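Participant: The structure under discussion is supplied below as structure tokens; questions concerning it will follow.
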Amino acid sequence: MQKILFITGSVNQTSQMHQIAAELPEFDCWFSQLFTDNSFFNFLINNTTLLNGTVLSNYYRTNSEKYLHQHGLQIDYGAKLNQYDLVVFCSDLLIPQRMQATKTIWVQEGMVDKYTLMSQLVKKLKLPPFLCGNTSLNGSSNVCDIYCSASEGYKQYFVEKGTANHKIAVTGMPNYDNLQQFLDNDFPHHNYVMVATTDMRETYRFENRPAFIKSAVKIAAGRPLLFKLHPNENAERAEREIRRFAPADTMIYKTGNTNHMIANCCELITQYSTVVYTGIALGKKVHSWFNIDDLMQLAPIQNGGVSANKIAQICRAYIKYNGKSNNFDLQRIVNKKVRFEYSEQLVANY
């Protein structure tokens with residue numbers, strides 16, 4: 001039986017890989033947290049806190065593997081147990097050299113960070129893309145054989161930043177391709193201004209959180225406020241700051257279904273968060289530190305939840321393909337009609 005390795009990161013990335021693997025029952029599917037063969041980086045991961053804000057950290061690995069264990073999925077951290085016929089990546093910022101000898105597919109898992117001067121410098125000097133310190137170059141390294149993007153807008157972005165056009169298929173993005181479903185929910189509150197925070201400080205980026213909270217209060221203009229904290233941030237500190245700078249009746253949620261909360265809000269305030277696309281898809285007025293017009297162009301296509309199925313069809317066709325990767329008829333595969341088998345259970349908490 002042919003083997004496929006799915007590379008995971010955050011729980012969102014892990015759940016997306018799970019959905020794709022579930023569409024490939026005829027293959028032997030395994031999972032590994034994003035890893036590196038670089039001994040220096042592995043020393044930093046295991047002996048320091050310098051990489052704690054990245055998906056390479058043991059924190060992210062622990063959460064991902066907890067999810068994998070809960071769903072009875074096979075784990076091969078570092079790809080040490082098997083030889084694989086295909087590797088499906090959630091990030092192309094760091095791909096071990098030995099994995100590049102295998103067929104590879106990259107799957108978009110969320111929005112990418114803003115393209116900065118550092119991103120431009122890393123790209124110009126042809127340095128490893130992870131050195132820009134964010135995800136602005138994720139999807140732009142051109143190192144994988146095939147790229148699956150969330151929308152036509154993102155496809156154009158990745159082409160502009162360096163990935164070959166013929167490699168990219170617009171498949172939609174699991175977890176963000178059927179957002180209308182979240183309108184049917186049992187979240188008890190309605191008609192509030194919602195604020196979805198990010199983990200910038202936890203990933204070693206500057207944020208003036210008091211100023212952001214004050215800005216949200218101003219936008220709310222007396223309407224009820226609800227803050228949904230990012231799962232990776234210091235919740236105790238975040239709550240303390242909100243209580244100090246926001247009205248006393250402000251609602252704060254550390255956990256819960258973010259999409260349900262967005263579905264019930266009247267306005268959404270974000271920073272750098274993929275959940276802004278939920279607000280856009282559901283017709284909410286949204287605020288973001290990205291340009292809103294750009295986000296409208298980049299927003300993931302809504303295809304009724306068949307993105308994982310489309311990506312799986314590409315995996316299935318490519319693993320059986322014996323020719324040169326440049327000659328693979330990617331567009332023919334992605335344009336095929338797919339069957340509808342969407343499981344809300346897999347994305348219930350994201």
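Participant: Hey, can you tell me all the residues within region 288-299 that are in contact with a strand residue (DSSP E or B) (Cβ under 9 Å, 6 or more places away or on another chain) and either aromatic (Phe, Trp, Tyr) or buried (at least 18 other Cβ atoms within 10 Å of the Cβ) (or both)?
Facilitator: Within region 288-299, Ser288, Trp289, Phe290, Leu295 qualify.
Participant: Given (1) among the hydroxyl-bearing types (Ser, Thr, Tyr); (2) assigned by TED's automatic domain parsing to the domain that holds Lys310; (3) in a loop (DSSP other than H, G, I, E, B), where does Tyr154 come up short, assuming only one miss?
Facilitator: Unmet condition: (3).
Participant: Oh, and also: Here are some residues: Asp177, Asp186. Which one is among the acidic types (Asp, Glu), under 22 Å from Phe290 (Cβ atoms), part of a loop (DSSP other than H, G, I, E, B) and modelled with pLDDT of 95 or more?
Facilitator: That would be Asp177, the only listed residue that is among the acidic types (Asp, Glu), under 22 Å from Phe290 (Cβ atoms), part of a loop (DSSP other than H, G, I, E, B) and modelled with pLDDT of 95 or more.
Participant: Of the numbered conditions (1) of a type outside the set (D, E, K, R); (2) under 23 Å from Thr274 (Cβ atoms); (3) more than 14 Å from the chain's Cα centre (by Cα), Gly9 fails exactly one; give the number of that condition.
Facilitator: In the conditions (1) of a type outside the set (D, E, K, R); (2) under 23 Å from Thr274 (Cβ atoms); (3) more than 14 Å from the chain's Cα centre (by Cα), Gly9 misses (3) alone.
Participant: Kindly indicate the residue of region 103-131 that is among the β-branched types (Val, Ile, Thr) and at pLDDT 95 or above and also surrounded by the most Cβ atoms within 10 Å (Cβ to Cβ) among those meeting that condition.
Facilitator: Among those that are among the β-branched types (Val, Ile, Thr) and at pLDDT 95 or above, it is Val107.
Participant: Considering each residue of region 260-292, count those that are free of Cβ contacts under 8 Å to residues at least 60 places away in the same chain and of a type in the set (S, T, N, Q), and give that number.
Facilitator: So the count comes out to 2.
Participant: As an exercise: evaluate Glu160 against (1) out of contact with any helix residue (DSSP H, G or I) (no Cβ under 8 Å at 6 or more places or on another chain); (2) of a type outside the set (A, V, I, L, M, F, W, C); (3) not assigned by TED's automatic domain parsing to the domain that holds Asn38 and give the number of the one condition it does not meet.
Facilitator: (3)
Participant: Cβ-Cβ below 8 Å, separation at least six or inter-chain, first residue in region 189-206 and without any contact (Cβ under 8 Å) to a residue 24 or more places away in the chain, second assigned to a loop (DSSP other than H, G, I, E, B): which pairs?
Facilitator: These pairs meet every condition: Phe206/Met200.
Participant: List pairs: first in region 302-314 and under 13 Å from Leu330 (Cα atoms), second part of a loop (DSSP other than H, G, I, E, B) and of a type in the set (Gly, Ala, Ser), Cβ under 9 Å, 6+ apart or cross-chain?
Facilitator: Lys310/Gly172; Ile311/Gly172
Participant: Give me the pairs, please: first residue somewhere in region 241-259 and in the same structural domain as Val195 (by TED's automatic domain parsing), second residue anywhere and in a strand (DSSP E or B) and β-branched (Val, Ile, Thr), beta-carbon distance under 7 Å, and either six or more positions apart or on two chains.
Facilitator: Hits for this filter: Ile242/Ile252.
Participant: Taking Lys336, is it exposed (fewer than 12 other Cβ atoms within 10 Å of the Cβ) and modelled with pLDDT under 80?
Facilitator: yes
Participant: Considering each of Thr163, Thr135 in turn, give the residue that is over 18 Å from the mean Cα position of the chain (by Cα) and either closer than 23 Å to Lys336 by Cα or part of a loop (DSSP other than H, G, I, E, B) (or both).
Facilitator: One residue alone meets the criteria, Thr163.
The values are calculated or read from the model by the stated rules, or taken from the named source; none is laboratory data. Because the structure is predicted, anything quoted here is derived from the model rather than measured. Here the Cβ is made from the backbone with ideal geometry for all residues, glycine too, and neighbour counts use every protein chain on show.
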